[in-house]
1. Of all residues in the stretch 115-129 being more than 13 Å from residue 80 (Cα to Cα) and surrounded by 15 or more Cβ atoms within 10 Å (Cβ to Cβ), which is modelled with the lowest pLDDT?
2. Please work out if residue 33 is buried (at least 16 other Cβ atoms within 10 Å of the Cβ), under 30 Å from residue 139 (Cβ atoms) and in contact with a strand residue (DSSP E or B) (Cβ under 6 Å, 6 or more places away or on another chain).
3. Can you name the number of the only condition in (1) surrounded by 13 or more Cβ atoms within 10 Å (Cβ to Cβ); (2) part of a strand (DSSP E or B); (3) among the hydroxyl-bearing types (Ser, Thr, Tyr) that residue 42 fails?
4. Given the criteria part of a helix (DSSP H, G or I), of a type in the set (Val, Ile, Thr) and at pLDDT below 90, does residue 33 qualify?
5. Which of the following residues is modelled with pLDDT under 70, farther than 15 Å from residue 36 by Cβ and not in a strand (DSSP E or B): 112, 132?
6. Would you please name the residue that is nearest to residue 125 (Cα to Cα), looking only at residues in the stretch 45-85 that are modelled with pLDDT under 95 and assigned to a loop (DSSP other than H, G, I, E, B)?
7. Please enumerate the residues belonging to the stretch 86-109 that are touching a strand residue (DSSP E or B) at 6+ places or on another chain (Cβ under 9 Å) and modelled with pLDDT under 65.
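The values are calculated or read from the model by the stated rules, or taken from the named source; none is laboratory data. The model shown is predicted, which means the values in this text are computed figures rather than measured ones. Ideal geometry is used to build each Cβ from the backbone, glycine not excepted, and the neighbour counts take in all protein chains shown.
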Amino acid sequence: MTDWTTELGEFYQSIENKTTQTAQREEQERLDVLSFFSNIVTPAFDELKRGFEQLGRRVETTIGTDSASIALYKGDALEYDLDLRTSQNRVIPVIPLNIIQGKSTGESVRFKKDFKKMTKEDLIQSFLNVYKNFISRHSG
């Protein structure tokens with residue numbers, strides 16, 4: 001009788017260890033997301049906002065603990081809108097709705113780097129690449 005109880009005890013311990021490891025990993029991933037939005041997204045969006053405003057665009061930003069958005073207006077018209085969302089501890093850039101010359105489009109885009117490896121400069125450059133590509137495809 002002792003053999004099977006020992007085996008079952010070891011089984012229970014292995015389940016508990018896996019549960020603890022999963023909880024620790026999930027907490028670390030949550031902290032990585034929080035860090036990304038506070039240390040990378042906030043200063044990058046602030047810099048983008050200042051730069052676009054100097055070039056005559058009106059800019060609205062919203063930044064939370066696990067999501068953010070930036071919208072660019074040319075005059076009163078929405079020119080470009082990008083959301084950063086989290087899903088399964090990944091950051092996903094999404095162009096939710098753009099209205100260019102009466103056309104509406106929603107599309108998902110990809111950044112070239114994992115968000116955990118991105119710097120403020122990487123995020124700005126990635127944003128500019130996606131923005132310029134979008135504007136080029138939807139202008140004139």
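1. 115
2. Details: buried (at least 16 other Cβ atoms within 10 Å of the Cβ): yes; under 30 Å from residue 139 (Cβ atoms): no; in contact with a strand residue (DSSP E or B) (Cβ under 6 Å, 6 or more places away or on another chain): yes.
When the stated conditions are applied, residue 33 does not pass them.
3. Failing condition for residue 42: (2).
4. Numbers: part of a helix (DSSP H, G or I): yes; of a type in the set (Val, Ile, Thr): yes; at pLDDT below 90: yes.
Here the answer is yes, as residue 33 does meet what is asked.
5. Numbers: 132 fails: modelled with pLDDT under 70.
112 is the lone residue from the list that is modelled with pLDDT under 70, farther than 15 Å from residue 36 by Cβ and not in a strand (DSSP E or B).
6. If we take residues in the stretch 45-85 being modelled with pLDDT under 95 and assigned to a loop (DSSP other than H, G, I, E, B), then 67 is nearest to residue 125 (Cα to Cα).
7. Pass one, the stretch 86-109, residues touching a strand residue (DSSP E or B) at 6+ places or on another chain (Cβ under 9 Å): 86, 91-100, 104-109.
Residues satisfying the conditions are 95, 96, 97, 98, 99, 100, 104, 105, 106, 107, 108, 109.
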